[in-house]
1. Can you tell me which of L19, L13, L120, L103 is surrounded by 13 or more Cβ atoms within 10 Å (Cβ to Cβ), part of a helix (DSSP H, G or I) and more than 16 Å from the chain's Cα centre (by Cα)?
2. Mind checking which residues of region 25-41 are of a type outside the set (G, A, S) and exposed (fewer than 14 other Cβ atoms within 10 Å of the Cβ)?
3. For region 26-73, name all the residues that are in a loop (DSSP other than H, G, I, E, B) and in contact (Cβ under 8 Å) with a residue 40 or more places away in the chain.
4. From the list V45, V78, V58, V72, which one is surrounded by 14 or more Cβ atoms within 10 Å (Cβ to Cβ), more than 13 Å from the chain's Cα centre (by Cα) and among the hydrophobic types (A, V, I, L, M, F, W, C)?
Amino acid sequence: MSDTQIKPTDAELALLRILWSRGPSTVREVFAVLTEERTTGYTTVLKTFQIMHGKGLVARDTSQRSHIYTPVFSETEVQGRLLDDIVEKAFGGSAGRLVLCALADKPADPDEIAAIRALLDQLENPS
């Protein structure tokens, strides 16, 4: 799968977040976590996983009665691809405009500001 195809829907992203935090899981396990935050049906989760498997977003282990699903891409890979898409579509390819807009809209906490400063220092003075 090419990098440009890593574009999960919101529903798929919700399931991926659970897999990233829990590790490989069955549909029932993911369903149990998901229903703590929203109302959904078991068959909806199952069908979404089947679609995700077809798209190459998850791998499926069928060696046991309950299939185990594992994300194919790391959280960082998916976030990077989605961010690249937003930067291109909404900010004309300018990462700086994205950062300025994001910080103006939702200010960072002190720890985040320190991490941003450290990254800027590293970008300005690569050693």
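The values are calculated or read from the model by the stated rules, or taken from the named source; none is laboratory data. Keep in mind the model is a prediction, meaning the values are calculated, not measured. No Cβ is skipped: glycine too gets one built from the backbone with ideal geometry, and neighbour counts run over all protein chains shown.
1. Values: L19 fails: more than 16 Å from the chain's Cα centre (by Cα); L13 fails: more than 16 Å from the chain's Cα centre (by Cα); L120 fails: surrounded by 13 or more Cβ atoms within 10 Å (Cβ to Cβ).
Result: L103 is the single residue among L19, L13, L120, L103 that is surrounded by 13 or more Cβ atoms within 10 Å (Cβ to Cβ), part of a helix (DSSP H, G or I) and more than 16 Å from the chain's Cα centre (by Cα).
2. Scanning region 25-41 gives R28, T35, E36, E37, R38, T39.
3. Pass one, region 26-73, residues in a loop (DSSP other than H, G, I, E, B): 35-41, 56-57, 62-67, 72-73.
Hits for region 26-73 are G56, L57, S66, H67, V72, F73.
4. V45
Listed here are the residues, each with its yes/no results for (1) closer than 25 Å to Y42 by Cβ; (2) modelled with pLDDT of 95 or more; (3) in contact with a strand residue (DSSP E or B) (Cβ under 9 Å, 6 or more places away or on another chain); (4) of a type in the set (A, V, I, L, M, F, W, C).
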| residue | (1), (2), (3), (4) |
| --- | --- |
| V58 | yes, yes, yes, yes |
| I68 | yes, yes, yes, yes |
| V72 | yes, yes, yes, yes |
| R81 | no, no, no, no |
| I86 | no, no, no, yes |
| L100 | no, no, no, yes |
| I116 | no, no, no, yes |
